[in-house]
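Q: Please find one structure pasted underneath; my questions will follow.
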Amino acid sequence: MRWFAALALLLAAGPALTWIGATLLVQRTRADIAALAPRATPLLARAHADAASRAALAPLLDRAPLATTLDRLAATLPADDRLASVASDRDGTLRVVVLTADPDALRDALRREPVLSQLRGAGQQRDEASLRVTLVGRPQ
């Protein structure tokens, strides 16, 4: 009978000891967290500042570099067309002036190139032997 009582006591003590051990581990973990919090605060502040900097720079880094856009533009222009000027604003808006004999052919060529499809006509002027077409937009 004593063996059965001892066995029953051991079976009942298992879950109780597990609960006590878990409680001690939780208390120790909370104490470790409280001890680490003062050292973690500057690291968290720096991580938040880094995230804010990355978010501010993302629009600049996500757009195509100007050299890539110019390469695409040079490859896309019809054979007789020439670039007169190219300017880029801080926000990435590109202003391109092209000398062309046929503005419709120029616009069709630009529409077929996905990177340059955002360039829209902002005006045109008659030059000596050609038309000066101004295009404005944000290439992708």
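Every number in this text was worked out from the coordinates using simple rules, so none of it is lab data. For clarity, every value in this text was computed on a predicted model and none was experimentally measured. Please note: Cβ atoms are built from the backbone with ideal geometry, for glycine as well, and neighbour counts cover all protein chains shown.
Q: Residues with beta-carbon under 15 Å from that of L135, excluding L135: net charge, scoring Lys, Arg +1 and Asp, Glu -1? Can you show the working numbers first?
A: Numbers: positive: R72, R82, R95, R107, R111, R112, R120, R132, R138; negative: D81, D89, D102, D104, D108, E113.
Within the 15 Å Cβ shell, the charges total +3.
Q: Now for a different question. Specify which labelled value, from (i) 2.41; (ii) 0.97; (iii) 1.17, agrees with Cα Rg over 2.2 N^0.38 Å derived from the coordinates of the model shown.
A: Correct label is (i).
Q: Once you've got the GNM for the chain with C-alpha springs shorter than 10 Å, pick whichever of A129, A56, A22 has the biggest mean-square fluctuation.
A: Highest fluctuation of the listed residues: A22.
Q: Right, here's the next one. When the chain is modelled as a GNM with alpha-carbon springs shorter than 10 Å, which of L77, L36, L110 fluctuates the most?
A: Highest fluctuation of the listed residues: L36.
Q: Using Cα centres only, tell me the gap between the stretch 4-67 and the stretch 91-107 in whole Å.
A: Using only Cα atoms, the two centres lie 56 Å from each other.
Q: Multiply the residue separation of D91 and L25 by 0.36 nm, subtract the distance between their alpha-carbon atoms, and state the gained length in nm to one decimal.
A: 18.4 nm
Q: Still on this structure: In deg cm²/dmol and to the nearest 500, what is the mean residue ellipticity at 222 nm of the chain if only DSSP H runs of at least 4 residues count, each as -39500 (n - 2.57), divided by the residue total?
A: Calculated at 222 nm, the ellipticity per residue is -21000 deg cm²/dmol.
Q: Could I ask something else about it? Which value, in debye to the nearest 20, describes the size of the charge dipole of the chain about its Cα centre when Lys and Arg Cβ atoms bear +1, Asp and Glu Cβ atoms bear -1, and nothing else is charged?
A: Once rounded to the nearest 20, the dipole reads 920 debye.
Q: Now a separate question. Among T68, T93, T29, which one moves the most in a GNM of the chain with springs linking Cα atoms closer than 10 Å?
A: T29
Q: Run the simple label-point estimate for D108 and A40 please: 7 Å along Cα→C-beta, distance reported in nm.
A: Going by the 7 Å Cα→Cβ label model, 6.4 nm.
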